[in-house]
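Below: the structure, in structure tokens.
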Amino acid sequence: MAQTTTPGGLPSVDAARRDRLLKDVLKGVSRSFYLTLRVLPKDLRGPIGLAYLLARTADTIADRRAGLSGVRLEALVALRSQVAGPVDVGVLRELASQSMEGASSPQERALFDSLVDSFALLESLDAADREEVRWVVTTLTDGMEMDLNSFPAEDSGSLAALPTGPDLDRYTYLVAGCVGEFWTKVTAAHEPSLKGWDVAEMSQTGVRFGKALQLTNILRDIPRDLRAGRCYLPADELAAAGLSPEDLLDPANEVRAREVLVPWMRTALGHFQAAEEYLLAVPRRSVRLRLACLWPLLLGLATLARLARGGRWLDPDSTVKVSRRWVYRMMLMSLAAICSNTLLRRWIRGLRRQTNDAI
């Protein structure tokens with residue numbers, strides 16, 4: 001039987017194709033987010049899961065170490081134009097073919113092999129969800145473009161830093177804060193229990209939630225990023241501490257670097273406080289949505305606490321991550337605590353206190 005297509009030439013999306021994208025393909029490129037997606041209410045899995053897949057596709061293109069940054073930027077811009085529409089199936093297939101040549105795993109190849117289906121799913125969403133997905137993926141690619149334009153190629157042997165604190169804050173918005181805004185708008189549109197929300201106000205709180213997670217990732221990955229030519233700590237703040245980005249390559253400079261590192265850790269903690277308020281604003285009866293917010297919050301805070309306690313923030317041999325056992329234990333404990341604001345506050349504030357005491 002011939003495959004049916006939409007007027008734009010995209011294949012129609014049946015249940016099997018949708019399930020493959022939102023289960024098999026997504027699980028292959030993100031086990032942690034896959035767990036979050038599966039716990040979400042069913043109506044939210046399509047737009048949120050698809051936004052993740054498209055963003056992950058763009059990020060894989062932008063972050064690929066093989067290839068010149070200009071070539072990666074060209075491919076990123078081409079993908080962004082397809083997200084904005086109208087879709088050209090020929091362009092999608094060419095992008096997929098070029099990207100699969102440099103895929104580093106079967107999971108990445110499956111991601112690019114599913115690119116046309118991902119856009120078919122995008123076109124199948126209702127108009128409001130489709131526009132939100134387009135907006136957030138476009139914004140995320142703006143952040144990826146900022147990354148490519150701000151830093152030298154990984155194999156150049158050069159190192160550059162973001163100029164100022166506002167530049168870092170803007171970057172965290174573009175690559176993560178906007179996800180909190182998107183999440184808020186989509187969940188508020190689909191979940192009757194959120195009808196009392198001030199969506200504009202909650203969107204801004206959601207932005208801080210996303211920034212908390214991204215800042216934690218940046219602080220955790222400083223040694224690795226430095227060796228790839230990227231310093232996200234602002235150059236003007238480093239200069240005020242008598243440091244250059246190159247000085248951070250030497251772990252012996254960690255004491256002086258604390259003058260820059262600690263304020264950003266405190267900024268992350270402040271954002272996590274906003275994330276706590278975001279979580280508790282979700283009605284207790286919306287258990288699935290609460291869990292989907294709680295898990296990344298706890299994972300991010302636990303990572304920040306381990307980073308703070310470890311105290312080896314510039315050491316390339318130091319690895320900071322929570323164990324899989326910790327994740328599964330956290331998920332199990334969350335089932336008992338999710339409906340109690342008192343228990344959740346105690347849990348979250350305990351992790352915040354661990355970080356604060358360590359710095």
Legend entry - helices (runs of 4 or more DSSP H) enclosed by segment 1-69 - at least 3 residues per element that are within 25 Å of A176 (Cα to Cα) and at pLDDT 80 or above: 26-29, 31-39, 42-63
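On the given criteria, is Q214 in contact (Cβ under 8 Å) with a residue 40 or more places away in the chain and either closer than 26 Å to L301 by Cβ or in contact with a helix residue (DSSP H, G or I) (Cβ under 9 Å, 6 or more places away or on another chain) (or both)?
yes
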Legend entry - Number of positions in segment 82-106 that are surrounded by fewer than 17 Cβ atoms within 10 Å (Cβ to Cβ) and more than 21 Å from the chain's Cα centre (by Cα): 13
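Would you please name the residue that is surrounded by the most Cβ atoms within 10 Å (Cβ to Cβ), looking only at residues in segment 192-218 that are in a loop (DSSP other than H, G, I, E, B) and modelled with pLDDT of 95 or more?
W197
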Legend entry - Tally, over segment 237-255, of residues that are exposed (fewer than 15 other Cβ atoms within 10 Å of the Cβ) and not in a loop (DSSP other than H, G, I, E, B): 5
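If the requirement is being more than 23 Å from the chain's Cα centre (by Cα) and not hydroxyl-bearing (S, T, Y), which of these qualifies: R288, R256? Explain how you work it out, then say what you get.
Details: R288 fails: more than 23 Å from the chain's Cα centre (by Cα).
Checking each option against the conditions leaves just R256.
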Legend entry - Residues located in segment 78-90, provided they are in a helix (DSSP H, G or I) and under 17 Å from V136 (Cβ atoms): L79, R80, S81, Q82, V83, A84
Legend entry - Residue satisfying condition, being touching a residue at least 40 places away in the same chain (Cβ under 8 Å) and over 21 Å from the mean Cα position of the chain (by Cα), within set W347, W295, W264: W347
Inset, instruction - Kindly provide the set of residues from segment 328-340 that are exposed (fewer than 13 other Cβ atoms within 10 Å of the Cβ) and either assigned to a helix (DSSP H, G or I) or within 23 Å of the chain's Cα centre (by Cα) (or both), ordered by number. - result: Y328, R329, L332, L335, A336
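Can you tell me which of A120, A161 is buried (at least 16 other Cβ atoms within 10 Å of the Cβ), in contact with a strand residue (DSSP E or B) (Cβ under 7 Å, 6 or more places away or on another chain) and assigned by TED's automatic domain parsing to the domain that holds A228? Reasoning before the result, please.
Values: A120 fails: assigned by TED's automatic domain parsing to the domain that holds A228.
So the residue among A120, A161 that is buried (at least 16 other Cβ atoms within 10 Å of the Cβ), in contact with a strand residue (DSSP E or B) (Cβ under 7 Å, 6 or more places away or on another chain) and assigned by TED's automatic domain parsing to the domain that holds A228 is A161.
Under the condition of being in a helix (DSSP H, G or I) and not small (G, A, S), which residue from segment 144-166 is nearest to Y232 (Cα to Cα)? Spell out the reasoning first.
Just the residues of segment 144-166 that are in a helix (DSSP H, G or I), to begin with: 144-150, 165-166.
Okay, now just the ones that are also not small (G, A, S), so 144-149, 166.
On the way: M144: 13, E145: 15, M146: 12, D147: 10, L148: 13, N149: 13, P166: 11 Å.
Restricting to residues being in a helix (DSSP H, G or I) and not small (G, A, S), the top hit is D147.
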Inset, instruction - Take segment 278-327 and flag every residue that is within 21 Å of P263 (Cα to Cα), assigned to a helix (DSSP H, G or I) and not hydrophobic (A, V, I, L, M, F, W, C). - result: G300, T303, R306, R309, G310
Legend entry - Hits in segment 116-129 - residues which are in a helix (DSSP H, G or I) and touching a residue at least 40 places away in the same chain (Cβ under 8 Å): V116, D117, S118, F119, A120, L121, L122, E123, S124, A128, D129
Legend entry - Matching residues, segment 116-154, being over 25 Å from Q214 (Cβ atoms) and of a type outside the set (S, T, N, Q): V116, D117, F119, A120, L121, E123, L125, D126, A127, A128, R130
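The values are calculated or read from the model by the stated rules, or taken from the named source; none is laboratory data. Worth saying up front: this structure is predicted, and the values here are computed from it rather than measured. Using ideal geometry, Cβ is built from the backbone for each residue, glycine included, and neighbour counts are taken over all protein chains shown.
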